[in-house]
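See structure below.
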Amino acid sequence: MSFRYLGNKTKLSEWIVGEISRVIPAGSSIADPMCGTASVSLALAQAGYSVTAADALAFPVIHARSRLLAKQAPAFKAFGGYDRALNWLRSIPPTEGYFFREFGNAGSPANGRQPRLYFSASNAARIDGIRESIRDLARSGAISKLEHSLLLHSLILSTNKIANISGTYGYFLKELSKNAHQAITFEPLHFEQTPGNHSVVLGTIEEHASSICADAVYLDPPYTKRQYAGNYHILETLAQEDEPIAQGDGGLRPWEKQASDFCYRRSAGKAFRKTLEQLSAPHVFISYSQDGQVHEDELLAILNDFGKVTIHEKLHNRYRSNNKAKEGILLERLYHVEKY
Ligand SMILES: C[S@@+](CC[C@H](N)C(=O)[O-])C[C@H]1O[C@@H](n2cnc3c(N)ncnc32)[C@H](O)[C@@H]1O
């Protein structure tokens, strides 16, 4: 599952899990409480760990539930199997609803602005039809919680492929791109039979840190000022299955209550300290970039107050395009804190 997501560790997960496995053996338990796409959670599960994943936002929780808990295709008894559930998703007729109105290129946003070009009109109406059908099906009790998550997971992945954006949903492109003109499609998901006992919860690290009971914790906080709740508002709306007021030109859902302290220079250091104070696991691993909101000296000073710190480093290419590769080289750091 590749997914354009700020700070996605898919390409670094082998390195991260390799470093973790030098310290705690496979079979141990580990928490990934800022799991995002759940790429590290899944890599840890594949390496034999029991993983507890969490995130402050709802759509990462949908990804984590689908990737960790669905070890094989669920029964989908309501349809007579997973393949039929997928065919059902593909065949749902379009409806001109909230997505069509607020985010489609032939829409008429409630605040009176010009149509927002996040999606072609036909894809926006397909998304509306699918959202409504999944919601009705879940309310009818015909599918399990995990089956419900899998349908939303598929919808989010498929929506990402035809969204008319460059990277995040902070704004849309001026013209519909080639991808955005393509009709939304649904590919079969790949299920992983991993050995551990996994669990997934929704909530902030501030809420959960003191109740995490694991041999180790892997923290991957935001390191730039870009708030995930605003930059991925459309995915959050798909996961929350609601119809929030689409504010301003970009149509963002009200996200301020979900703002992360890790994104502000003034509060990020305190957020690290507060989190470390509450964690009881003997080992804490932290991914943090060289150019994060907390300067490397400050972060090291904070971590040194909690345990013995070891730093692992890897050069990482920020951009895909070769001609920009040079300016995009980042030094990715993995801090290991062995708590006092
Ligand atoms: C750098 S991303 C994680 C990327 C992830 N490791 C991956 O590979 O996709 C940071 C994540 O932290 C989440 N987040 C931000 N503040 C948080 C908080 N206070 N508690 C829990 N999660 C938070 C964001 O929603 C985002 O998904």
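The table that follows gives values for the structure above.
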| read-out | value |
| --- | --- |
| Single match in Lys178, Lys161 (criterion: open to solvent by 30 Å² or more (accessible area, probe 1.4 Å), basic (Lys, Arg), at pLDDT 95 or above and within 17 Å of the chain's Cα centre (by Cα)) | Lys161 |
| Residue within segment 90-107 that is within 16 Å of Ile234 (Cβ to Cβ), more than 10 Å from the ligand (Cβ to nearest atom) and among the polar types (S, T, N, Q) present | yes |
| Given (1) open to solvent by 10 Å² or more (accessible area, probe 1.4 Å); (2) over 30 Å from Arg101 (Cβ atoms), number of the condition Glu241 does not satisfy | (2) |
| Qualifying positions in segment 204-236 - surrounded by fewer than 17 Cβ atoms within 10 Å (Cβ to Cβ) and under 19 Å from Glu332 (Cβ atoms) | Thr224, Lys225, Arg226 |
| Extreme residue, nearest to Thr237 (Cα to Cα), among residues of segment 53-81 that are within 16 Å of the ligand (Cβ to nearest atom) and of a type in the set (Gly, Ala, Ser) | Ala58 |
| Elements of type helices (runs of 4 or more DSSP H) contained in segment 1-93, each with 2 or more residues being farther than 28 Å from Gln278 by Cβ and open to solvent by less than 30 Å² (accessible area, probe 1.4 Å) | 82-91 |
| Count - residues of segment 276-316 that are over 23 Å from the mean Cα position of the chain (by Cα) and within 14 Å of the ligand (Cβ to nearest atom) | 1 |
| Search result, residues across segment 181-199 that are open to solvent by 90 Å² or more (accessible area, probe 1.4 Å) and either in a loop (DSSP other than H, G, I, E, B) or of a type in the set (S, T, N, Q) (or both) | Gln182, Glu187, His190, Gln193, Pro195, Asn197 |
| Extreme residue, farthest from His181 (Cα to Cα), among residues of segment 110-119 that are in a loop (DSSP other than H, G, I, E, B) and open to solvent by less than 10 Å² (accessible area, probe 1.4 Å) | Arg116 |
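The values are calculated or read from the model by the stated rules, or taken from the named source; none is laboratory data. Remember, it's a predicted structure, so these values are computed and weren't measured experimentally. Positions of Cβ are backbone-derived with ideal geometry, glycine not excepted, and every protein chain shown enters the neighbour counts. Just the protein is used for accessible areas: all its heavy atoms, side chains included, with ligands, DNA and RNA removed. Shrake-Rupley method; radii C 1.70, N 1.55, O 1.52, S 1.80 Å.
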